[in-house]
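A short reminder: the numbers here are calculations on the coordinates, not readings from a lab. The model shown is predicted, which means the values in this text are computed figures rather than measured ones. Quick reminder, even Gly has a Cβ in these numbers, built from the backbone with ideal geometry, and neighbours come from all protein chains shown.
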Amino acid sequence: TDAASTVAPGAGDPRSERLKFIHTLSDVLVSTALAAHWSLVYGAAQAGCLLILLRVMGFVPALVSSAWAQVVMSRPEAQRPSSWLAALTGAGCVAVAALMVRLALHAGWLAPSWSSLGLYVWPLALWQAAACLIAAASHRPFRHGRARAYTLQCIAMNGVQALLLVLPPWLGWGLQSHLWALAGFLCIALSL
């Protein structure tokens, strides 16, 4: 089958270079702000727990995003498997990773200095499971000519995430409340 026949009309990436740059910049800024602000507010050890688990669990949605888009876009539309399969498989892998971390903590496989990881496991697992949902469907806006709207939604989500980094400590919230507010928002926003 001709590659052009597998792409829907209006598909592709009509975004301007400027909009792509702003999207990438917002991703970088909010990621950097997360690391720096969490360390500033809660200390290096807590920031380390957050960032290590984000790195480990975040590998799954990154893999779903890159691999699944290739699978879907390489097949004619009639032969494309459902994105739900990739989303649920990714979410399942995140759940297994979370369970393994909990098991390692419970079994004493990690030094006691790593006990703070326990605070982060489930909020980050929900966040990254939701990231698997959006990763499995990330090709859709490009196939259906909605890449610009998708990018604007991502930038807006990064803006709210930045506010959720700053406001809770300013309002006197503790680490656990702050973490659940951030992860809860991202779980809902990514799932929608």
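Annotations for the structure displayed:
- Spin-label pair residue 156-residue 80: with each label point 7 Å from Cα along the Cα-Cβ axis, the two points sit 2.4 nm from one another.
- Here the gap between residue 67 and residue 103, fully extended at 0.36 nm per residue and compared with their Cα-Cα distance, gives a gain of 10.1 nm.
- Spatial separation of Cα centroids for segment 149-192 and segment 71-98, in angstrom: 26
- Full-stretch length increase - residue 55, residue 167 - with 0.36 nm per residue and alpha-carbon distance subtracted: 37.9 nm
- Once C-alpha pairs closer than 8 Å and six or more residues apart are averaged by separation and normalised to the residue number of segment 14-100, the relative contact order reads 22 percent.
- Think of each Lys and Arg Cβ as +1 and each Asp and Glu Cβ as -1; about the Cα centre, that makes the dipole of the chain roughly 200 debye.
- Ellipticity estimate at 222 nm from DSSP helix runs (n ≥ 4, -39,500 (n - 2.57)) divided over the chain, nearest 500: -26500 deg cm²/dmol
- Using equal-weight Cα scatterers in the Debye expression, the normalised intensity of segment 32-81 in log10 at q = 0.19, 0.29 Å⁻¹ is -0.66, -0.97.
- Most positive-pole-ward Cα, 145, 56, 127, against dipole of segment 49-175 from beta carbon charges: 145
- Of 18, 140, 102, the one that fluctuates the most in a GNM where the chain has Cα springs shorter than 10 Å: 18
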